[in-house]
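Where a number appears in this text, it was derived from the coordinates with a stated rule and is not lab data. This is a predicted model, so every value here is computed, not measured. With ideal geometry, Cβ positions are generated from the backbone for all residues, glycine too; neighbour counts draw on all protein chains shown.
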């Protein structure tokens, strides 16, 4: 059954869209990530124009993050104060990202920007995650060794403007979280992702937040950053396709349900290694497109009817 | 349909020895949520006051979507990766263009007539504009035609017109799913020996309807309200999903 998307102005099979939403929901249920990093490339692959793919991807992440954060609020694993500080930085970063995105869209380089940021960030995060989880997996096979202890010394203990973050048990400067928030907001705008895959490691390793509050707080901040991004894209470029978003969300909801079930049956190290492989595969696929000579050198950007 | 045509034939009184009358199976195409393309039939007949002169008569049918500007970009290798380098702005290119004929275009249509009526696809594209590198400008318009042909929005069907007894004609034109809204121009040309004997022009209105129309209008006329609505739907869906999971697990 075909569905005509009013903003993307392409007709796509509704089951393909539900499948994409479902696969992404499955992964977000399994790994606890938003899945935005998969949605944008998959939408590009089925012929949705890049601006629409990025903007609608952000809209879909809003839905999955709202769903996720509610579970964390119940378990009291959201540091609202930290979330608010990250968010303040995030709005600034997102605004900057939107501005750059719009400028490059006019110059015809937006595909390049999206592709390069995917290769760079997914490649780096995927490689780090793969290495780290491989080491953890090997360690778990040798039960004699004691697990390594991470020292809880985040950056921002020596900087001014200190603030107490009770839920995280931290007393640090607001500057590092502001900067991290801004960086994630920027990426959200240009990649159509929530940025959880960057925010989560940054909160653990850079800020030294306890792992139990990290996912909830990251989801909390992602809701608002992606909401702001969606709104900005809708206003500056009219590139949010509501019908596309609704079908993706519908598929995602069903997928997340199944994914959570699978995730509970796998070990944490196995899960992380799978996620790392997936992230690297997406980065590799996009990277190949940049390096290999394309079949068609020309591309067409339709102008708006007067 | 035949009776209506006959009536029309009787009523129409065109000047000249040979004249064309034509009609369409529909003059309105609605793009709805499950729109998957449409087929229109162009039919017509040749009206003669006198016996036809020597030489075969041919028919050319064109269906042309509303023109819009477009930018064609060419990738080039820079620092080891393929990036968009040169670009050419096309001032106006039809968003859809289908040609159906009774025979090979270069045999049934002379170059002068083609220039005058802008019948073939390259003629329909007004490529005049600020060119980034005018040297290989034709390569960019060729690429535009190639890409749009691959998309199914440009097409030439030589032999796609059924022309019975050099009097009754019929052409089936397929409109693909990726259509642009607007007024589509339908032209029917009668040619003899490369010269256009008579031609007629009519139109089809293509427009989004129902939810498609509503969403598109809202997105472009009230972008802020549209953005807020998108977010409200996403937030509501997220909340509903979470509530449903809880109920599911609780049960």
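Could you state the angle between the C-alpha long axis of helix B:2-11 and the longest principal axis of the C-alpha atoms of chain B, as a value from 0 to 90 degrees rounded to the nearest 10? Helix B:2-11 and the main axis of chain B meet at about 60 degrees.
Across the range A:1-86, Cα-Cα pairs more than 18 Å apart make up 50 percent of the total.
Computed over chain B, the per-residue total of -39500 (n - 2.57) for DSSP H runs of n ≥ 4 gives a 222 nm mean residue ellipticity of -9500 deg cm²/dmol, rounded to 500. Over the range B:167-240, the Kirkwood radius and the radius of gyration, each from Cα atoms, give a ratio Rg/Rh of 1.30. Here the simple spin-label model places points 7 Å from the Cα toward Cβ, and for residue A:212 and residue A:274 these points are separated by 2.6 nm.
Whole-percent P(r), the protein assembly as shown, all Cα pairs, 10 Å bins from 0: 3, 16, 23, 21, 14, 10, 7, 4, 2, 1, 0. Overall dimensions of the range B:210-251, expressed as equivalent-ellipsoid semi-axes from the Cα gyration tensor (√(5λ), whole Å, largest first), are 31, 11, 4.
Measure nothing fancy, just the Cα-based angle from helix A:175-191's long axis to the longest principal axis of chain A, in degrees from 0 to 90, nearest 10. The two axes meet at around 30 degrees. Axis of helix A:14-31 versus longest Cα principal axis of chain A: the two differ by about 10°, to the nearest ten degrees. Look at A:233, A:72 and count the other Cβ atoms within 10 Å of each Cβ; fewest to most, that gives A:72, A:233.
Normalise the Debye intensity by I(0) for chain A, one equal point scatterer per Cα, no solvent, then take log10 at q = 0.08, 0.11, 0.16 Å⁻¹ and round to two decimals. Debye curve over Cα of chain A, log10 I(q)/I(0) at q = 0.08, 0.11, 0.16 Å⁻¹: -0.35, -0.67, -1.37. Counting other Cβ atoms within 10 Å as a rough exposure proxy, the listed residues B:81, B:121 run B:81, B:121 from fewest neighbours to most.
Our helix-only sum for chain A, with -39,500 (n - 2.57) per DSSP H run of n ≥ 4 divided by its residues, gives a mean residue ellipticity at 222 nm of -24000 deg cm²/dmol. Normalised by residue number, the volume inside the convex hull of the Cα atoms of the range B:35-118 is 197 Å³ per residue. What share of Cα pairs, in percent, lie more than 28 angstrom apart in chain B? The calculated P(r) of chain B puts 50 percent of pairs beyond 28 Å. Annotation for residue B:221 and residue B:183: the two label points, set 7 Å from Cα along the Cα-Cβ direction, are 2.1 nm apart.
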